[in-house]
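Peer 1: The following block contains the structure, expressed as structure tokens.
The values are calculated or read from the model by the stated rules, or taken from the named source; none is laboratory data. From a predicted model like this one, the values you see are computed outputs, not experimental measurements. Cβ placement follows ideal geometry from the backbone for every residue including glycine, while neighbour counts extend to all protein chains displayed. Heads up: the accessible areas ignore ligands, DNA and RNA and are worked out on the full protein's heavy atoms, side chains in. Shrake-Rupley method; radii C 1.70, N 1.55, O 1.52, S 1.80 Å.
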Amino acid sequence: MTLLQKQSELIERYSLIEDRHERLNAIISFKLADRQLAAEERRDEWLVRGCSSQVWLRVQVAENRMEVRYAADSVMIRGLVALLVELYHGADIADARDFHPTLLEALGLDKILSPTRLHGLERVIQTFRAHVD
């Protein structure tokens, strides 16, 4: 499945929740337990710079596919990063190289998240892209 297809599925799934604030709450409660980094796995080299919360991303490429594990110290950011991890995990690196996600805007999250949080999420997306360039 391409990133565009995965993004469309995620947008469709969360768009069923009409209220943006309720949608955000559903996303915040979302966790990918099997992809979370344990406390002892959180290394400085995996820390995403430029986030107001601490976010760790372990991005590896195997057989031209992205493998992503994550952690965050904020409940809200953990859920939002989990959404992005679900999008990017398993993605073909050639597909990821040219992909510009519109997921946050399509779900209306850009209207209710602070500029600081949006900037941090952009840094997360840039981290994904840095592993495929």
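Peer 1: Being in contact (Cβ under 8 Å) with a residue 12 or more places away in the chain, part of a loop (DSSP other than H, G, I, E, B) and open to solvent by 10 Å² or more (accessible area, probe 1.4 Å) is the filter here, so list the residues in segment 69-107 that pass it. Even if it seems obvious, please write down each step before you answer.
Peer 2: Narrowing segment 69-107 to residues in contact (Cβ under 8 Å) with a residue 12 or more places away in the chain: 69-97, 99, 101-104, 106-107.
With the extra rule that they be part of a loop (DSSP other than H, G, I, E, B), the set shrinks to 73-74, 89-91, 99, 101-102, 107.
Residues satisfying the conditions are Asp73, Ser74, His89, Gly90, Phe99, Pro101, Thr102.
Peer 1: Would you say Glu12 is more than 16 Å from the chain's Cα centre (by Cα), more than 18 Å from Val75 (Cα to Cα), at pLDDT 95 or above and assigned to a helix (DSSP H, G or I)?
Peer 2: Details: more than 16 Å from the chain's Cα centre (by Cα): yes; more than 18 Å from Val75 (Cα to Cα): yes; at pLDDT 95 or above: yes; assigned to a helix (DSSP H, G or I): yes.
Criteria met by Glu12.
Peer 1: Next up: When you scan segment 25-39, how many residues do you find that are within 19 Å of Gly90 (Cα to Cα) and open to solvent by less than 90 Å² (accessible area, probe 1.4 Å)?
Peer 2: The first filter runs over segment 25-39 and keeps only residues within 19 Å of Gly90 (Cα to Cα), leaving 30-37.
Checking which are open to solvent by less than 90 Å² (accessible area, probe 1.4 Å) leaves us with 30, 32-33, 35-37.
Final tally of qualifying residues: 6.
Peer 1: Applying the selection to segment 3-24, what residues are touching a residue at least 24 places away in the same chain (Cβ under 8 Å) and open to solvent by 60 Å² or more (accessible area, probe 1.4 Å)?
Peer 2: Taking segment 3-24 and keeping what is touching a residue at least 24 places away in the same chain (Cβ under 8 Å), we get 3-4, 6-7, 10-11, 14-15, 20-21, 23-24.
Leu4, Arg20, His21 - these are the residues of segment 3-24 that are touching a residue at least 24 places away in the same chain (Cβ under 8 Å) and open to solvent by 60 Å² or more (accessible area, probe 1.4 Å).
Peer 1: Continuing with the same structure: Looking at segment 122-133, is at least one residue open to solvent by 50 Å² or more (accessible area, probe 1.4 Å) and either under 15 Å from Ile28 (Cα atoms) or of a type in the set (Phe, Trp, Tyr) (or both)? Full working, then the answer.
Peer 2: So in segment 122-133, the residues open to solvent by 50 Å² or more (accessible area, probe 1.4 Å) come out as 122-123, 126, 129-131, 133.
Going one step further and asking which of them are either under 15 Å from Ile28 (Cα atoms) or of a type in the set (Phe, Trp, Tyr) (or both), we end up with none.
Looking through segment 122-133, none of the residues is open to solvent by 50 Å² or more (accessible area, probe 1.4 Å) and either under 15 Å from Ile28 (Cα atoms) or of a type in the set (Phe, Trp, Tyr) (or both).
Peer 1: To continue, here is another question. Report yes if some residue within segment 106-127 is under 14 Å from the mean Cα position of the chain (by Cα) and closer than 18 Å to Glu9 by Cα; otherwise report no.
Peer 2: Yes.
Peer 1: Only one of (1) on the phi > 0 side of the Ramachandran plot; (2) touching a strand residue (DSSP E or B) at 6+ places or on another chain (Cβ under 8 Å); (3) open to solvent by 80 Å² or more (accessible area, probe 1.4 Å) is not met by Arg42, so which one is it?
Peer 2: (1)
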